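> One structure, pasted below without further comment.
The values are calculated or read from the model by the stated rules, or taken from the named source; none is laboratory data. These numbers come from a predicted model, not from an experiment. Cβ coordinates were reconstructed from backbone atoms using ideal geometry, including for glycine residues, and neighbour counts include every protein chain displayed. Heads up: the accessible areas ignore ligands, DNA and RNA and are worked out on the full protein's heavy atoms, side chains in. Shrake-Rupley method; radii C 1.70, N 1.55, O 1.52, S 1.80 Å.
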Amino acid sequence: MPRLSHRTQPSTRSRVSARTRLSAVAALTALGTLASVGGATAADPALNGQWAPFTRCPVDAAAMLAADGFDKTPQCVVSTSASGSIKLGKTTVVTGRTNLQFGVVQNADGTSTVVAPPSGALVADSATVPGGLLGLMCPSDIPVITGICQTLSDARLNKITATMESVGAPYAFDQTAGVLKDMPIIALPVRIHLQNPLLGDKCYIGSASAPIVLRPKNVDYPAFGMSFFQGDGTLDEAGEMSRIDLTGAPQNDSSFAVPAASGCGLNVGLINAAVNAKTGLPSAAGNNSLTLNSAQTHLAGLTAPGTVAPDAGKVLARNWRSAVR
C-alpha cells in the first residue's frame, strides 16, 4: 500500500491509514495536471489486469530498485487525458490524448523523488496548430517571409504539427498540494517541437537549457477509488499490491512563461522573427495557460512494503514484469 509512514505496517492488508491515503492521492492528482501535444513512441508492453495503465513505469531504474520498503517506498504513477488545451502567447492549441508516467520513491521524511522513464515522462498525440504556417507567421512585413507566405496555398506546406516533449525529469513534487486547490503540485519541464517542411527539424519553443516549466494546480477534487490485486495484476482483496484511482479532476496552470521560438527554417533568423512576432513570443507568465478538461490518474504500489524490506523495489519490479503479456 502506498504510504508515508514506513515503519509501522497495517494490521490487515486491506486497512488504509489516513496518511497513506493523503500520500497516494497527492501523487495521483499531480499526474492529472499535464496536457500536451505529443508524438508516438515505440510500442509499449501490454500488462495484465490492474497493471494495464502502467506501461512505462521505470521499475528497473536504480532509484526504484534501491527502495527498501522502510525509508524509501517505490510506486508507479500514470495519468491520461482525452482532451485539453494550451495557450502560448497569442496561439491556442487543442490537445488530444496524453499519457504521463513516472515512478515515485516516497521517503520517510515526507519528501519524494520522481523517476522518469528512459523515453521521458510525457507521451501524447500530435496536435495541429490552427491556421498552419499561414496563421503562425503570415502576413509579414519581412520580404523573404512574404514570399514564403505566397507559396502556402499547398496544404502540405502549410500544415504545422506541435509535439510537446519532456526535457528532464519532473521535480518539486508537493504531496500535500495534490489534495488541495490552487497549489502547484509538480514542476514539468517541456519544450514544443514545431514541424513543417519549411520550418525544418530543429524548430522549438523552449529547450533543454531554457524549458517551459508547467506547474499545474487542481481546480476541483477528483473522484476516489481503490482496489487490491496480486503481483501479476489479478484482482484480489487480499493482494500484495494496491491501486488508487483518481478520476475526472480538472486542472490548470497560468503561471508559466514561454520563451521565443528558435531553430526555425533555413533562414533561421528571419523565420524565427516572423514566428515570434505573429505568435507573441516570448510571452511572460500570466499570458499563457494550460487546461486539462479531465484526468484519469492511477497509482500502484505494494500494500505493505515493509513486509518485503529491504527488497521492496525489487519485488515491485518483479511483479510488474510478471504482468507483461
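> How much accessible area per residue does the stretch 194-239 have, counting only protein heavy atoms and a probe of 1.4 Å, in square angstrom?
Heavy-atom accessible area per residue stands at 48 Å².
> Shifting gears a bit: Which of Lys87/Lys217; Lys87/Lys278; Lys90/Lys202; Lys159/Lys202; Lys90/Lys181; Lys159/Lys278 have a Cα-Cα distance over 18 Å?
Lys90/Lys202; Lys90/Lys181
> If I take R0 = 35 Å and measure r between the Cβ atoms of Arg318 and Ala82 in this structure, what FRET efficiency does the formula 1/(1 + (r/R0)^6) give, to the nearest 0.05?
The calculated FRET efficiency here is 0.60.
> Students often forget the sequence filter, so: which lysines lie under 21 Å Cα-Cα from Lys314 once same-chain residues fewer than 8 apart are removed?
Here the lysines satisfying the reach criterion relative to Lys314 are Lys72.
> Here is a follow-up. So what J values fall out for the stretch 137-142 if you push phi through Karplus, 6.51 cos²θ - 1.76 cosθ + 1.60 with θ = phi - 60°, rounded to Hz, Gly and Pro as x?
With the stated coefficients, the stretch 137-142 comes to 9, 10, x, 9, 8, 8 Hz.
> To the nearest 20 debye, what charge dipole does the stretch 101-224 have about its Cα centre, counting +1 at the Cβ of each Lys and Arg and -1 at the Cβ of each Asp and Glu?
Roughly 120 debye, rounded to the nearest 20.
> What number comes out for the charge environment of Asp44, summing +1 per Lys or Arg and -1 per Asp or Glu over other residues with Cβ under 13 Å away?
+2
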